[in-house]
1. Which of the residues belonging to the stretch 39-87 are closer than 19 Å to Ala248 by Cα, out of contact with any strand residue (DSSP E or B) (no Cβ under 6 Å at 6 or more places or on another chain) and not hydrophobic (A, V, I, L, M, F, W, C)?
2. Which residues, counting only those in the stretch 188-200, are within 15 Å of Phe249 (Cα to Cα) and open to solvent by less than 10 Å² (accessible area, probe 1.4 Å)?
3. Going by the conditions given, is Gln201 of a type outside the set (A, V, I, L, M), at pLDDT 90 or above and part of a strand (DSSP E or B)?
4. So for the stretch 31-43 (the condition being farther than 16 Å from Phe237 by Cα and of a type in the set (D, E, K, R)), does at least one residue qualify?
5. For residues in the stretch 101-125 being open to solvent by 20 Å² or more (accessible area, probe 1.4 Å) and part of a helix (DSSP H, G or I), which is nearest to Ala195 (Cα to Cα)?
6. Out of curiosity, is Ala144 of a type in the set (A, V, I, L, M, F, W, C), open to solvent by less than 70 Å² (accessible area, probe 1.4 Å) and touching a helix residue (DSSP H, G or I) at 6+ places or on another chain (Cβ under 9 Å)?
7. How do the pairs read when you match residues in the stretch 43-55 that are without any contact (Cβ under 8 Å) to a residue 40 or more places away in the chain with residues anywhere that are assigned to a loop (DSSP other than H, G, I, E, B), using Cβ under 8 Å and keeping only pairs 6 or more apart or on different chains?
Amino acid sequence: MMNGLPYLTAGTGSPLVVLLFTPEAANPTGLARWSTMRMLRPFIEHFTVYVVNRPPGLPSTTTMADLAAVYAAALRSTFEGPVNVLAISTGGSIALQLAADHPDLVGRLVLAGTACALGPVGKRAQRAYIERARQGRRPSPALAEVVTESAIGQRLLSGLLWLSDGGHKDHTDAVTVLNAEDGFDLRGRLNDIRAPTLLIQGDKDLVYPVELARQTVEGIPGARLVVYAGVSHSGTFNDNRFAVDALAFLK
C-alpha cells in the first residue's frame, strides 16, 4: 500500500506514476492485470512504473478534488519531489485535477483518451451506469454506447458487458469515482497546470471528444496535442504509436 492506496510496481529507473480507472478499488487481477501490464511493458523498460489505485470505501460525496488530494498525500509520502505521471481515461481526469491543485507533485504529464470534462455521450453513459448500479442491476452494459455508435454493435457488446458483471461484484467504489467525474469540469483551472503536458487523443473518441481535448491543450500553458485519425477511445492507448509518442515526451 502507498499511504493506504493499493499499487503495483515493475521496472527500474526513475518513477512513473500511472493512473487508470478500474471497476474495483484494488489492484487488477487476472486478465485485467495481464492487459494492464502488457500496455505498460514499453514503459517498464525505462521507468519504475507505479500503477496506483484509489482506496476502497471513499465517501459517496467524494469529488475529483477530494480524489486528487488522496493521491497527493500518497505521492508526498512516497517520493521526493515531483514525479512523471501517465494517466488514461478517468485516470486522466484525476491527473488533471492533481496537476492543477498540487502542481509541485507532477513533473511531466502524459494523458491519453481524456479531457478537461466529459463529452455528452460519456456523461450520459456514465450516469446510466450509476443509475443501474444504484438499482442493483449490472451496470456495465450502459457503457456500450461509448465503444461503438453501431446499434447492432451496442446490443452485442451490452450482452458481453452484462456477462462481465457476473458474480457478486460490488460497484459502490466505481459509482463513487464516476459520480465525481460527472461533476468534473476543469476548464476554468487549466492555466494552473504547470507540468509540461502531452495529450494523446483519438479523433473518434466518444467519451471525451477531440474538441474537448483541443480545449484542454489550449488551456494548459505549453501543452501539446497528438491526434490519431480514425481511432476510438480505447484504441488510443492500445495503438502502437501510443508508447512511442509518450516515451519520446517523457525522456
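1. If the condition is that a residue be closer than 19 Å to Ala248 by Cα, out of contact with any strand residue (DSSP E or B) (no Cβ under 6 Å at 6 or more places or on another chain) and not hydrophobic (A, V, I, L, M, F, W, C), then Arg41, Pro42, Glu45, His46 are the ones that fit.
2. We begin by selecting, within the stretch 188-200, every residue within 15 Å of Phe249 (Cα to Cα); these are 195-200.
Selection gives Ala195, Thr197, Leu198, Leu199, Ile200.
3. Working: of a type outside the set (A, V, I, L, M): yes; at pLDDT 90 or above: yes; part of a strand (DSSP E or B): yes.
Against the criterion (of a type outside the set (A, V, I, L, M), at pLDDT 90 or above and part of a strand (DSSP E or B)), Gln201 qualifies.
4. no
5. Pro103
6. Numbers: of a type in the set (A, V, I, L, M, F, W, C): yes; open to solvent by less than 70 Å² (accessible area, probe 1.4 Å): yes; touching a helix residue (DSSP H, G or I) at 6+ places or on another chain (Cβ under 9 Å): yes.
Answer is yes for this residue.
7. If the second residue must be assigned to a loop (DSSP other than H, G, I, E, B), the pairs left are Ile44/Gly11; Glu45/Gly11; Thr48/Gly11; Thr48/Thr12; Thr48/Gly13; Thr48/Ser14.
Here's the yes/no breakdown for (1) crowded, with 19+ Cβ neighbours inside 10 Å; (2) part of a strand (DSSP E or B):
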position	(1), (2)
Pro28	yes, no
Arg41	no, no
Val51	yes, yes
Ala87	yes, yes
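The values are calculated or read from the model by the stated rules, or taken from the named source; none is laboratory data. Note that the coordinates shown come from a computational prediction; the quantities given were computed from them, not determined experimentally. Don't worry about glycine lacking a Cβ; one is built from the backbone with ideal geometry, like all the others, and counts go over all protein chains shown. Accessible surface is based on the protein model in full, side chains and every heavy atom, while ligands, DNA and RNA are left aside. Shrake-Rupley method; radii C 1.70, N 1.55, O 1.52, S 1.80 Å.
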